[in-house]
Structures are given as structure tokens and as C-alpha cells.
Amino acid sequence: MDLKVENGCIKEDKGLGWGKSLPVQSVQEIVRNGYQSVPERYIQEIKDRPSFISSESLQASLQIPIIDFSLLAKGDEHETRKLDLACKEWGFFQIRNHGVQVKILQKMRAAMAAFFELPLMEKKKYAMGANDLEGYGQAYVVSEEQKLDWCDLVALKTLPLEQRNLNFWPLNLPGFKEAVEKYSIEVQKVAEEINANLSMLMGMERDGLKRYQGELKQLMRMNYYPPCSSPDLVVGVSPHSDGGSLTVLLQDDDIIGLQIKHKGEWIPVKPIPNALVVNIGDAIEIMSNGVYKSIEHRAITNEKKARISAAAFAHVDDELEIGPLDSMVDDPHRPPMYRKIKYIDYIRQVLARKWTAKLTLI
Ligand code: OGA
Ligand code: NI
């Protein structure tokens, strides 16, 4: 916790102001110390356990759209149509040729791995405050009874640069700050180009969403999923949808972990080396008046290997009122499907309920 002395009184850092997570043990530490069997609090109810992946869901996995970002950036019509369909039917897609150099991806991965390798005492220097979600910890624990995710994480405000809280950053870890900074800037460019394309698809100019949303911010959630001796009993991240505009995920190239809910089935998102995974968040679903879908997803664990991922959440200003865009409402054919809500009120409601299925807003 960061305590600042201001005008003679001690004040906690304001941080994200989105909510809080009750402190629980580091999962990585449970694994480091050795365990006989998975502790009770991590064992999911039978209905929530990751079931056996059927051959149909593996087949469906191959259909998750893959978009060539370089074509999209050139305004290629066919690729733009693919993006439209991907956002309507899947809410998730992978992008290739995204322009983020492999070297930058590698450095980002190495930085995250080096952070989680640090001794617990060192990581605790960057621990989330009692009333905040920024920093090192576990997410999102809102009750003593809830099942816990098999995951440690560090969440950092990454953009705009001037809004970073560097006291949560391991500044003495060589290369960490540079790697995260470079990656976050590059990945935000990708998110902005996708937003420009979505603006046009939603009947606006290229800068339509930018004008409505303002300069996008970015929160980077770096996830560490330790290996689990019984991956069929636990989940890495419980089912949730992302609250922001867009999420760009850098996942492990070799280990399958991410699964998305599609037509009632959990479908794995098979990694494509050096590709990025993009998904629509709740804010875009709301702005698009439900045309683009923010899909429930989760991560499962691996028996032998740890998996690391970085989710860059592009999100709007806390004070922005979000609601269906005029260009997406057509009374009486397509009335507004969501009521207007201030972004921070929305996020607070979502996080306070544990990261479960989405809120319905009407
Ligand atoms: C997230 C998330 C999935 C993954 O951090 O919001 O959905 O594969 N992560 O790590
Ligand atoms: Ni997510």
C-alpha cells in the first residue's frame, strides 16, 4: 500500500478507484512451496470445471477469425468485412502482421517472466493497496467464500504515460520499464487502428470513436498462471467479459489457455506464434448498440508449464457517459438496447460482483 503524507495526514494513493480485491495467498508461492493436493478454495464447483475439450470445439477453434492487420490498415475492403463479421459473430479474433516487432514481443515476455520469478518479498513491494486494483496481487476477490483463480497478476496503468504510478513498477528490474513502455505504446497503436476501422463500420468517420471516447487509456494486466497438478479442477481466470473498449492479448505461443464462449460451448483460442488476440469489450458492445459482442472468456491452466499473458485493456475516461452511438440507433427498428451509464459506475458494478458474466444494462 502506498501511503502518502499530505498536509500532515496519511492518505492512501487514489490508484484506479475502480474497486478492491481482498488479499489472498500468491498461487505461485503455493506451487513453489509444494502442495499435496489443490487447496479447497481453488477447486471449482463441478459445473464450473473446465470440461474435456471435444473435437467439435477444436474444430470451431480453427474458425476463429484471423485478420491481416496490414491489409486492414490499408483500408482493404475484404479485410474490413472480415473484421465486421468477427466482431459480430465471435467478439474475438487474432491478428497477424500487426506491425509490433517480434523483438518487442520477446522483450515484453522476458520482462513479465523476470518479474514473476522475483522472490515474493520483492514482488510484495508493488502489492495492490487495500482499496485498489493496481499493482501485484490476485484478482478479483470480493468475498471470503468465492472460489479463487489459479493466477497471480500485476496490473499497471500504462497509458497515458503521465498517468503511470511508477511506485507500482519494479524499476530496479533491468529492462522491465522499457519493455512494458515500448510494448504498451505499440499495442495501443494497434487498438487505435482497429477503433478507426470500427468507427467506419459503425457509420462514422475514421475518428468517430476517438472523438466520442477521447484519448484511450490503457491498463495492462500481466497474468501468471502457475502449473497445476489438477488442471481439470481449477480455472486460471474465471469466466468474465472485459469492461473496456478493446483488449489486445499477448498470449503464450505454445500453451493453450484462453477459451471463449461461442454458441454455448467453450472454444480454445489456439496460439498463432507472435500473433495478438483482440476482443471487443463491454464499452464497444454498448456503443455499437449490441451489434458487436463482448464475449465471455476464461483461461485454464496447464499441468506442467506456467503460462504468462498480457492483456492490454484500452479503455475510456472514467467520467465518460457511455451509451449506444447515434449512428447505431434507429428507432423504431433498432431502439437503444442499453441505458446510458458513466464508465466508472459501470466498471465498479462489474468488479464488485466478481468477474462473472456481464451485467445486463436494461
Ligand atoms: C484477462 C484475460 C486471458 C488469458 O486478463 O482479462 O481474459 O488468456 N486473460 O490470460
Ligand atoms: Ni479478459
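No lab work stands behind these numbers, since they all come straight from the coordinates. Nothing here was measured: the structure is a model prediction, and the numbers come from that model. Neighbour counts run over all protein chains shown; Cβ positions are idealised from the backbone, glycine included.
Listed here are the residues, each with its yes/no results for (1) part of a helix (DSSP H, G or I); (2) surrounded by 15 or more Cβ atoms within 10 Å (Cβ to Cβ); (3) touching a residue at least 12 places away in the same chain (Cβ under 8 Å); (4) in contact with a helix residue (DSSP H, G or I) (Cβ under 6 Å, 6 or more places away or on another chain).
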site: 84; (1), (2), (3), (4): yes, yes, yes, yes
site: 100; (1), (2), (3), (4): no, yes, yes, yes
site: 106; (1), (2), (3), (4): yes, no, no, no
site: 122; (1), (2), (3), (4): yes, no, yes, no
site: 130; (1), (2), (3), (4): no, no, yes, no
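Inspection of the stretch 188-201 finds a residue satisfying the criterion of being over 16 Å from residue 314 (Cβ atoms), in contact with an Asp or Glu (Cβ under 9 Å, 6 or more places away or on another chain) and not acidic (Asp, Glu). Filter the stretch 300-314 for residues that are within 15 Å of the chain's Cα centre (by Cα) and either of a type in the set (Asp, Glu) or more than 12 Å from ligand 1 (Cβ to nearest atom) (or both) and give the result. Matches in the stretch 300-314: 314 only.
Residues in the stretch 287-329 that are closer than 18 Å to residue 88 by Cα and of a type in the set (D, E, K, R): 293, 296. Apart from one condition, residue 327 fits all of (1) buried (at least 19 other Cβ atoms within 10 Å of the Cβ); (2) in contact with a Gly (Cβ under 7 Å, 6 or more places away or on another chain); (3) of a type in the set (Ser, Thr, Tyr); the exception is (1). Against the test of being more than 10 Å from ligand 1 (Cβ to nearest atom), within 19 Å of residue 86 (Cα to Cα) and crowded, with 23+ Cβ neighbours inside 10 Å, the options 234, 248 yield a single qualifying residue, 248.
Residues considered: 224, 183. Of these, the only one that is within 16 Å of ligand 1 (Cβ to nearest atom), crowded, with 19+ Cβ neighbours inside 10 Å and farther than 23 Å from residue 316 by Cβ is 224.
The strands (runs of 3 or more DSSP E) located wholly in the stretch 260-362 that include 1 or more residues which are in contact (Cβ under 8 Å) with a residue 24 or more places away in the chain and among the polar types (S, T, N, Q) occupy 276-280, 307-315.
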